[in-house]
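Peer 1: Shown below is the structure under consideration.
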Amino acid sequence: ETGVTQTPRHLVMGMTNKKSLKCEQHLGHNAMYWYKQSAKKPLELMFVYSLEERVENNSVPSRFSPECPNSSHLFLHLHTLQPEDSALYLCASSQSYRTGGTNYGYTFGSGTRLTVV
Amino acid sequence: ILNVEQSPQSLHVQEGDSTNFTCSFPSSNFYALHWYRWETAKSPEALFVMTLNGDEKKKGRISATLNTKEGYSYLYIKGSQPEDSATYLCAFYNQGGKLIFGQGTELSVKP
């Protein structure tokens, strides 16, 4: 157990469905992140939250909608996705945003493998 | 555009071999360089976070060096074991506040 828990591990959804990915950490970290990994590509930063406030939105389409209700929980709401959105979605946390995980790095969850059909 | 390049993309070695990988990153606006190990079906795990030019860090048989002036870092594994098989990611953290990842080096160690 890494300290960052993501659910579900696998998700298959149709293009007209609405679903949500959940991320939870109880490490006392103040920053949380969503990353996307498509096949054969590097991890791609999607969103950054610092102290529950969104500080980065990396030109992500509006069909992805993040939510951070408190410093321990992060959601990614999905609606009207496209097949090309199929990927591994990773959540991560760090002690604070601007120090970039300087002491211990980021702590990652195991990811949600999303398939859009 | 911030590019982080890792080489080689994949590596197959025999148990007991020593190996090394390279990470190249922009030398401007440097803040930190991270290395992660990512085993299949698990989460990426931080190995090292390096901030100072000339830094060397070690964890067991794995060590890393950092050259911020020329923009590269090396990761070394001494006496590779099958349990070292994983993808090794480096990531560059700049003063703009983003952690940018390379594509990774996939290491396979055969018994």
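Taken together, the values in this text are just the output of simple stated rules run on the coordinates, not laboratory data. Please read all numbers here as calculations on a predicted model, not as lab measurements. Here Cβ is always computed from backbone atoms with ideal geometry, including for glycine, and neighbour counts include all displayed protein chains.
Peer 1: Choose one of A:30, B:80, A:81: the residue whose Cα lies farthest towards the positive end of the charge dipole of the protein assembly as shown (beta-carbon charges +1 Lys, Arg; -1 Asp, Glu; about the Cα centre).
Peer 2: Of A:30, B:80, A:81, it is A:81.
Peer 1: Roughly speaking, what is the centre-to-centre gap between segment B:30-94 and segment A:26-63 when only Cα atoms are used, to the nearest Å?
Peer 2: 22
Peer 1: Now for a separate question. Which whole number gives the average count of other chain Cβ atoms within 10 Å of the Cβ atoms across peptide B:29-39?
Peer 2: The per-residue average across the peptide is 2.
Peer 1: Same structure again: Quick one: if you stick a label point 7 Å off each Cα along the C-beta vector at residue A:30 and residue B:55, how many nm between them?
Peer 2: Reported label-point gap for residue A:30 and residue B:55 is 2.0 nm.
Peer 1: Given B:62, B:48, B:18, which one lies farthest toward the positive end of the charge dipole of chain B, if we put +1 on the Cβ of every Lys and Arg and -1 on the Cβ of every Asp and Glu?
Peer 2: Result: B:48.
Peer 1: Sticking with this one: Out of residues 5 or more away from residue B:48 or on other chains, whose amide H comes under 5 Å of its own, with H placed 1.01 Å from N in the peptide plane?
Peer 2: So residue B:48 has HN proximity to B:35.
Peer 1: Among B:91, A:70, A:115, which residue has its Cα furthest toward the positive end of the charge dipole of the protein assembly as shown, with +1 on Lys/Arg Cβ and -1 on Asp/Glu Cβ?
Peer 2: Selected residue: A:115.
Peer 1: Taking only the alpha-carbon atoms of chain B, what semi-axes of the equivalent ellipsoid follow from 5 times the gyration tensor eigenvalues under a square root, in whole Å, largest first?
Peer 2: Values: eigenvalues 114, 39, 27 Å².
Here the semi-axes work out to 24, 14, 12 Å.
Peer 1: Quick one: which residues, 5+ away or cross-chain, put their amide H under 5 Å from the amide H of residue A:56? H built at 1.01 Å from N.
Peer 2: A:48
Peer 1: At R0 = 22 Å, how high is the FRET efficiency between residue B:108 and residue B:74 if r is their beta carbon distance? Nearest 0.05 is fine.
Peer 2: 0.70
Peer 1: Right, another one. Considering the Cα positions of segment B:16-63, please state its Rg to one decimal place and its Dmax as a whole number of Å.
Peer 2: 12.6, 38
Peer 1: With viscosity set to 1.567 mPa s and temperature to 4 °C, compute the Stokes-Einstein D of the protein assembly as shown, Rh being the Kirkwood radius across alpha carbon pairs; µm²/s, no decimals.
Peer 2: 72
Peer 1: Quick one: putting +1 on the C-beta of Lys and Arg, -1 on the C-beta of Asp and Glu, what dipole do you get for chain B around its Cα centre, in Debye to the nearest 20? Provide the component values of the computation, followed by the final result.
Peer 2: Details: 10 positive and 11 negative charges, 45 e Å.
Rounded to the nearest 20 debye, it is 220 debye.
Peer 1: Follow-up. Counting Lys and Arg as +1 and Asp and Glu as -1, what is the net charge of the other residues whose Cβ lies under 11 Å from the Cβ of residue A:49?
Peer 2: -3
Peer 1: Still on this structure, please answer the following. So, with +1 on the Cβ of K and R and -1 on the Cβ of D and E, and no other charges, what is the size of the charge dipole of segment A:9-66 about its Cα centre, to the nearest 20 debye?
Peer 2: Computed charge dipole of segment A:9-66: roughly 420 debye.
Peer 1: A follow-up question, please. About its Cα centre, how strong a charge dipole does the protein assembly as shown have in debye, to the nearest 20, once Lys and Arg get +1 and Asp and Glu get -1 at the Cβ?
Peer 2: It comes to approximately 220 debye.
Peer 1: In angstroms, what radius of gyration and Dmax does segment A:77-117 have, counting Cα atoms only?
Peer 2: 14.0, 41
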